[in-house]
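The values are calculated or read from the model by the stated rules, or taken from the named source; none is laboratory data. Predicted, not measured: the structure shown is a model, and the values here were computed from it. We place every Cβ from the backbone using ideal geometry, glycine too, and count neighbours over all the protein chains shown.
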Amino acid sequence: MLNQSLQGIKVLDLSRILAGPWCTQNLADLGAEVTKIEHPRGGDDTRGWGPPYVESADGERLSAYFICCNRGKASVAIDFAQPEGREALKTMIRDADVLVENYKAGSLARQGLDYASLRELNPRLVYVSITGFGQSGPMASKPGYDYVFQGMGGLMSYTGQPDGMPGAGPLRTGVAVVDLSTGMYATSAVLAALFQRERTGQGQYIDIALLDVAVALNANQAANYLASGRNPQRSGNAHPNCAPYEVFACADGHLILAIGNDPQFRRFCEVAEQPALADDVRFVTNSARIENLPALRVLLTELFPKRSRSSWSTAFDAAGVPWGPINTMEEVFADAQVQHRRIVQTLDHPEFGALRTVRNPMLWNCVAELGAVGAPPSLPLPASPVTPMSNMPPPAFRTES
């Protein structure tokens, strides 16, 4: 089972906010023993990133943001700026398999906690540094945040309504997509490094930059530019390479039409009672539809409001035309397929009670065996230099069917 695949692997999580914690939460979900190293005063910044918060009976608060990316971890408070704390951390490192940190480039070297120093203590250590710009280069010393890289990496240049339309201008995504993707890339890198270590017996250093990830996330948009030399333009909800592939307003709401090939477009035209559109030279192929998208959009924008969303969706399902709703979070978690996939898991926290969280998507086949996954940790009581978590067993886990 995947959720047991990293049993026996010990991970030290020196990261904060989202990208690093997302990586280490993945490792915890896969069975690793993850210990989060937090400063005795306040811990991870995101503990206070609210509202919303959950509250304990005695008034303690834990932010929903912290809950989303720290499942299954223990927590230890260590001030490694102090000699005693540094030595305590090094003792843990001697026995660790993986260390994940996201301090500014060069910061940990001043404490003797960089990879070059620590591999002398533990040659098998897989050491992951997550920074904004990487460990070298003209911007390596700068701090970096997801929002900055959504702009700097190009994503926002083609996301949003086109010029001349209401609400025109660059637009960020609704979640920190660069941070989250960086966490996923880091997870993959750790797993590959552990696999290689089985063959060589040696750990290694992994340098992951949010800027690199932001550029990589451009995917087909980057390929479009590299092939054509033309900057992608903002096109609202329209797909740059498929048409019609965007949001349309029906008589009573919106839906997403997601046509990916010419036969699907022909079936759509039949459902829409507009068969001639499928043979119109402007729309007969996907390439032609992309070239004539403004004209096609005008026709469809006039067509969709003539029927209700349920009428369109029922007809699309019967004809095999791909479409989708635009759900609120309430609608997401009420969806029959989401419930069937048991994506909501409830973690029983000793202080905060039942915490509803989202199951790791990798672990669908393991939902009945996820009992070892614990709730996000409470912050250990402030003390110097070291305050360990209590030795209580991990909180119970259950999924919602």
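Looking only at the stretch 219-231, decide whether some residue is of a type in the set (D, E, K, R) and not assigned by TED's automatic domain parsing to the domain that holds M152.
yes
So, G132, is that one within 23 Å of I93 (Cβ to Cβ) and at pLDDT 95 or above or not?
no
Read through the list (1) touching a strand residue (DSSP E or B) at 6+ places or on another chain (Cβ under 7 Å); (2) among the charged types (D, E, K, R); (3) surrounded by 15 or more Cβ atoms within 10 Å (Cβ to Cβ), then give the number of the only condition that R16 fails.
(1)
Regarding the stretch 358-372, can at least one residue be identified that is among the aromatic types (F, W, Y), modelled with pLDDT of 95 or more and over 30 Å from H39 (Cα atoms)?
Looking through the stretch 358-372, none of the residues is among the aromatic types (F, W, Y), modelled with pLDDT of 95 or more and over 30 Å from H39 (Cα atoms).
Can you give me the ranges of the helices (runs of 4 or more DSSP H) entirely in the stretch 37-136 with at least 2 residues that are without any contact (Cβ under 8 Å) to a residue 24 or more places away in the chain and farther than 26 Å from Q345 by Cβ?
Here the list reads 83-93, 115-121.
Within the group R119, R124, which residue is in contact with a Phe, Trp or Tyr (Cβ under 8 Å, 6 or more places away or on another chain), assigned by TED's automatic domain parsing to the domain that holds G85 and either among the charged types (D, E, K, R) or farther than 22 Å from V213 by Cβ (or both)?
Details: R124 fails: in contact with a Phe, Trp or Tyr (Cβ under 8 Å, 6 or more places away or on another chain).
After applying the criteria, what remains is R119.
Pick from F304, F265, F283: which is within 13 Å of A249 (Cα to Cα), in the same structural domain as A249 (by TED's automatic domain parsing) and hydrophobic (A, V, I, L, M, F, W, C)?
The unique qualifying residue is F304.
Let me confirm something: among I206, I256, which residue is under 30 Å from S308 (Cα atoms) and either hydrophobic (A, V, I, L, M, F, W, C) or not assigned by TED's automatic domain parsing to the domain that holds M184 (or both)?
Answer to the selection: I256.
Within the stretch 156-186, take every residue that is closer than 23 Å to R230 by Cβ and in contact with a Pro (Cβ under 9 Å, 6 or more places away or on another chain) and give me the one that is surrounded by the fewest Cβ atoms within 10 Å (Cβ to Cβ).
Filtering the stretch 156-186 for residues that are closer than 23 Å to R230 by Cβ and in contact with a Pro (Cβ under 9 Å, 6 or more places away or on another chain), the one surrounded by the fewest Cβ atoms within 10 Å (Cβ to Cβ) comes out as A168.
(1) modelled with pLDDT of 95 or more; (2) surrounded by fewer than 20 Cβ atoms within 10 Å (Cβ to Cβ); (3) on the phi < 0 side of the Ramachandran plot: which one isn't true of G8, the others all being true?
The failed condition is (3).
Mind checking which pairs have a first residue in the stretch 246-260 that is in contact (Cβ under 8 Å) with a residue 12 or more places away in the chain and a second that is of a type in the set (D, E, K, R) and surrounded by 14 or more Cβ atoms within 10 Å (Cβ to Cβ), Cβ under 7 Å, 6 or more apart or different chains?
C250/R307; C250/R309; A251/R307; D252/R309; G253/R309; L255/R309; L257/E246
Quick one: which of S188, S181 is closer than 19 Å to Y103 by Cα, among the small types (G, A, S) and without any contact (Cβ under 8 Å) to a residue 40 or more places away in the chain?
S181
Among the residues of the stretch 354-367, what is the count of those that are exposed (fewer than 15 other Cβ atoms within 10 Å of the Cβ) and either in contact (Cβ under 8 Å) with a residue 24 or more places away in the chain or in contact with a Ser or Thr (Cβ under 7 Å, 6 or more places away or on another chain) (or both)?
The total comes to 5.
Looking at L27, is it assigned by TED's automatic domain parsing to the domain that holds R359, under 24 Å from L211 (Cα atoms) and at pLDDT 95 or above?
Yes, satisfied.
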